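The values are calculated or read from the model by the stated rules, or taken from the named source; none is laboratory data. Values in this document were obtained by computation on a predicted structure and should not be read as measured data. With ideal geometry, Cβ positions are generated from the backbone for all residues, glycine too; neighbour counts draw on all protein chains shown. Heavy atoms of the whole protein, side chains included, go into the accessibility calculation; ligands, DNA and RNA do not. Shrake-Rupley method; radii C 1.70, N 1.55, O 1.52, S 1.80 Å.
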Amino acid sequence: MDRSKRKQFPNVNVNPALTFVFEVGFRFPKGSWFMNRHIAAVAAILWAQSAIAGNEFHIFPGDAAEEQLQEALILAEPGDTIILADGVYDIRNGLSLDNPDVTIVGAGMDRSILSFKNQSGGAEGLLITAGGAILKDFAVEDTKGDAIKIKGVDGIAIVRVRTEWTNGPDENNGSYGLYPVQTKNVYIDGSVAIGASDAGIYVGQSENIIVRNSRGEYNVAGLEIENSYYADVYANELTNNTGGILIFDLPNLPQQGGHSIRVFDNKSYANNTDNFAPQGNIVGLVPRGTGMLIMANRDVEVFGNDMRDNDTVNVAIMSYVEGFEDENYDPTPKRIHIHDNVFGASGGNPDTSEFAEIVTGALGTPLPNIIWDGVMPLPNFFLWGIEEGGRHSIHDNVYEANPPFGNANLIMYFAARWLHNPSLSMKDASETYPSLAPVSVVIRGVDVNDQTF
Amino acid sequence: MTRRSKTLAVALALLAGPVGAEVNDTALAAARPPANLSEIGLFDDMAAMTPNAAVVPYTISAPLFTDYALKYRFVYVPASAGPAAYQGEDVLDLPVGSVLVKTFAYPDGAGGIHRVETRLLIHQEAGWKAWPYVWNEAQDEAELKVAGKDFALTATRPDGSTVDVAYHVPNVNQCKGCHVGTDGAFRPIGPKVRNLNLAEEGGNQLDRLVASGIIAALPEDRASVPMTPSYEGEAVPLEARARAYLDANCGHCHAPGRPADTSGLYLNWEEDRAIHRGILKPPVAAGRGSGGFAYDIVPGDPDHSILLYRLDSTDPGIMMPELGRSTIDQAGVALIRAYIESLGG
């Protein structure tokens, strides 16, 4: 069976075993017309079974909808599907799913809408604590806290789902729209996140991640990968956020040391919304007008992106600059590889926060397309710079307007102002690195590229 | 047993009347729980909530705040399964067939109580299961409510003042929001030896639980038996009371491997690292729960400490704990305020 056919039968993944049974059990010659016909017949039976294997729970808007939906979320068993009919659902309490391999599907991200405008309980809209969930074609609006949180599971697919705070940017909006955390195998495709007071699409402390074809708008951070390993972030569109794409790592967490992240073919433009994060949140540091910010990660490859019209800077590479007590934490970004991107004009109206002012004071306005804070452990700075094998690599980008690169040398700005010597030299960014390997994400035992959602 | 003899046995049991009946171990082992609480036979007299002889009442030293509800706890261990072995750390390993029973009630204004719900945690072969039962108006039966239920009621605080409560009977998933082990499986929270080690009329509760066949023998060196102090005990040092309160109200999620470990804030009794206990620890994903403050605890400055801000809120996007209350525990807030003030040295 060829690959295109298998896509129609995502649950039928038994061909090798069937072949084995026929060959060993019945001794039909491989490839005979008889065997081929039988495999086709068996596949058809299996397909029919898979179509009826799971129960369907049909939920319709109305006064009983919340209780019916939550009851379905509790009673649904592996393979079952919960179907949200067209309409707006008034939900008062946080919903939760704790059984594996359940699908929740609506009539479309603008048609089946779970509205939490009147929410009185629960810290998020929908909480998922079991693996293999597939969410598609619905929306979660106006939750008091996070919109959809997935915690500590293996396998989550979020396809054509929208999370939105409909009142636009506001510090009273919830923190995160799509929020998988401590999760393996995360797949987000064709989704939309609007109005989060932290990150619209946020994947934290996770591994094996694909975020693609999605849009983040009017969030503080459009799309953020934090304390995570092995992520492919591509073909997304980020605009009107404070910052478009963030790749962060923070100390004192169960998983840290973020690495192996590819960010490619995205558009991150005009992310010029004032930072509206509630104070005290690290994302509050992001300057208005940031296309992309990479902080304290290693092995991040950024290519094929188009970034422009960001008022402060297209790309910033930074250390974690807050104080921390964590001997296992490395605050310094390493091996950041940025190539074959197109950078349009940016930096025309930089943010006035302390950090942005220091950087623009050091490197001038408009800022270069890519800035590096130049912060590293002090002994390194005096002896050899970034350690061997840790330097960055920046090459073959198209710079339509501003200078390519600037080292803000903030280490000396803070440590010994008279030695502060910012520079536009590419010296610390001219290593050569191979490309990183693509990430594969497996949901319910099948690679996402071999399934149709 | 044949079907007919089973029917006969049930009929005889019914004829014998509820008093002296046995707990229905078969119902406890079933995949789906009975629709009515009375069918399980935990109480000889439902209306009076008189427990079956094998169902043992107990209390814990530092309970969770749940909107000033009165709580009545019972534990049942089948005689055939034998008692749980003594263990100083973590929750008692109650055998399969055991049930933890907790009834939530409020004073009825006439000297009695009005029961709202009874939660069962049942230890089955496949693990622990949680089911909430909601009491009827007549107070003689409670009905299974898988998806939970909401009530509006009025509670009385210890100082005599009243407060409106949006009481939420949690659904089974919400139960698991807190009742989950590091392995992701359902588990009880309260019955740890250190929470059961308390004085009661006639002696120490642990001795009664041993005599009732719930716990096997205690260690000979009784001084080695751990104890969480009561956070209401005036004689207990302030920091110990505060940590007991945070352990009871937060530590079941805010601990390594637990649901809130994504934050790195650990409020369980055993945690000793200041940064993880919140002292000068910046938030990770608090959002507007930060209240605009930079740290979970600023020693000496409760009014700039996120921890207190979230305890002192009823906004679902801000408040902590996330579940189990719709009002503010004023005494708890005062305790944590005093504790943070005291850290200022």
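The distance between label points at residue A:56 and residue B:93 comes to 4.7 nm (points 7 Å beyond Cα on the Cα→Cβ vector). Global size of the protein assembly as shown: 29.3, 96 Å for Rg and Dmax (C-alpha atoms, Rg to one decimal, Dmax whole). Ranking B:178, A:303, A:76 by how far each Cα lies toward the positive end of the dipole of the protein assembly as shown (charges on Cβ) leaves A:76 at the top. Take each residue of peptide A:413-424, count the partner chain Cβ atoms within 10 Å of its Cβ, and average: the result is 0. Cross-link pairs exceeding 25 Å between alpha carbons, from the set A:151/A:334; A:136/A:184; B:149/B:176; A:427/B:281: A:151/A:334; A:427/B:281. Backbone amide hydrogens, once placed in the peptide plane, bring residue B:58 within less than 5 Å of B:73, B:74, B:75, excluding anything fewer than 5 places away on its chain.
Computed from the Cβ-Cβ distance with R0 of 41 Å, the FRET efficiency linking residue B:59 to residue A:365 stands at 0.05. Surface listing: B:70, A:127, B:206 arranged by accessible area from highest to lowest gives B:70, A:127, B:206, probe 1.4 Å.
Legend: mean number of C-beta atoms from other chains within 10 angstrom of residue C-beta atoms, peptide B:162-170, equals 1. Using only side-chain charges placed at the Cβ, +1 for Lys and Arg and -1 for Asp and Glu, the dipole size of chain A relative to its Cα centre rounds to 1460 debye. Peptide A:277-288 has a mean shielding of 5, counted as Cβ atoms of other protein chains within 10 Å of each residue's Cβ. Among B:235, B:250, B:54, whose Cα projects farthest towards the positive end of the dipole of chain B, with charges put on the beta-carbon of Lys, Arg (+1) and Asp, Glu (-1)? Towards the positive end, the residue furthest out is B:54.
Counting other Cβ atoms within 10 Å, which GluC sites (Glu not before Pro) in segment A:323-387 have at most 14 and lie in a DSSP loop? Here the sparse-neighbourhood loop sites are A:325, A:327, A:387.
How high is the FRET efficiency from residue A:279 to residue A:433, r the C-beta distance, R0 51 Å, rounded to 0.05? Can you show the working numbers first?
Values: r = 38 Å, r/R0 = 0.74.
Once rounded, the FRET efficiency stands at 0.85.
In this assembly, the B-A interface accounts for approximately 2900 Å² of buried accessible surface in total, computed with a 1.4 Å probe and without ligands, DNA or RNA.
Could you provide, to the nearest whole Å², the per residue accessible area of the protein assembly as shown with probe 1.4 Å?
Values: 32580 Å² over 798 residues.
For the protein assembly as shown, the solvent-accessible area averages 41 Å² per residue.
Phi angles across segment B:328-345 convert, under the Karplus curve 6.51 cos²θ - 1.76 cosθ + 1.60 with θ = phi - 60°, into 3J(HN,Hα) values of 9, 7, 4, 5, x, 4, 5, 5, 5, 4, 4, 5, 5, 4, 5, 6, x, x Hz, Gly and Pro given as x. Using a probe radius of 1.4 angstrom, the carbon and sulfur fraction of the accessible surface of chain B is 56%. Taking only protein heavy atoms and a 1.4 Å probe, the accessible area of chain A is 52% carbon and sulfur. Phi-derived couplings, Karplus 6.51 cos²θ - 1.76 cosθ + 1.60 at θ = phi - 60°, listed residue by residue for segment B:211-217: 4, 8, x, 8, 10, 5, 3 Hz, with x used for Gly and Pro. Please return the longest stretch of chain B lacking exposed loop sites, where GluC sites (Glu not before Pro) count only if DSSP places them in a loop and at most 14 other Cβ atoms lie within 10 Å. The answer is B:271-345.
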